[in-house]
Amino acid sequence: MGSIAGVEIDGARLAVICARYGIAELQLFGSQARGTATADSDIDILYTLAPGRRLGWNIEQLADDLTDLFGRPVDLVSARGLHPLLRSSVLAEARPVYAA
């Protein structure tokens, strides 16, 4: 699959996690995507849900599952909820991590 924050990612395990929560797409952005992350940096993930799916409070469990997989704290941001003033800069640096 590739690596994030220097950790090789198990693509099959990522697909299982994404299917469980109805994730259509994950994209990496922020310092990890720009290559400016430090040892203390978290992983910023932009997520898109499949049509008709909702996360609700399960977003916390999704963040925990991705943190376990990536080996670093994960900060999840909904593509739908992305602030209009940040949208263009986030999307410009976003790198695909998963697509259903």
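Values in this text are rule-based calculations from the coordinates and carry no lab data. Nothing here was measured: the structure is a model prediction, and the numbers come from that model. Heads up, the Cβs are rebuilt from the backbone with ideal geometry, glycines too, and the neighbour counts pull from every protein chain shown.
With charges only on Cβ, +1 for K and R and -1 for D and E, what is the dipole size of the chain about its Cα centre, in debye, rounded to 20?
Values: 9 positive and 12 negative charges, 90 e Å.
It works out to roughly 440 debye.
Could you tell me which of rounded, prolate or oblate describes segment 1-62, using a ≥ b ≥ c as the square roots of the eigenvalues of the alpha-carbon gyration tensor, with rounded for a/c under 1.5 and, failing that, prolate when a/b is larger than b/c and oblate otherwise? Here segment 1-62 falls in the prolate category.
Backbone geometry of segment 46-51 corresponds, through the Karplus equation with coefficients 6.51, -1.76 and 1.60 at θ = phi - 60°, to 3J(HN,Hα) couplings of 8, 10, 10, 7, 5, x Hz, x marking Gly and Pro. Separation of segment 1-53 and segment 70-100, taken as the distance between their Cα centroids, equals 9 angstrom. Rounded to 0.05, the FRET efficiency of the Ala50 and Ser89 pair, given R0 = 25 Å and the Cβ-Cβ distance, is 0.45. GNM remark for the chain: springs join alpha carbons under 10 Å apart, and the peak mean-square fluctuation among Gly81, Gly11, Gly30 falls on Gly81. Applied to segment 86-100, the Karplus parametrisation 6.51 cos²θ - 1.76 cosθ + 1.60 on θ = phi - 60° returns per-residue 3J(HN,Hα) values of 9, 3, 5, 6, 5, 5, 5, 9, 5, 10, x, 10, 8, 9, 6 Hz, with x for Gly and Pro. Extension gain for Ala24-Trp57 works out to 10.1 nm (0.36 nm per residue, less the C-alpha to C-alpha distance).
In terms of packing, defined here as the mean over residues of other Cβ atoms within 10 angstrom, the peptides 48-58, 67-77 line up highest first as 67-77, 48-58.
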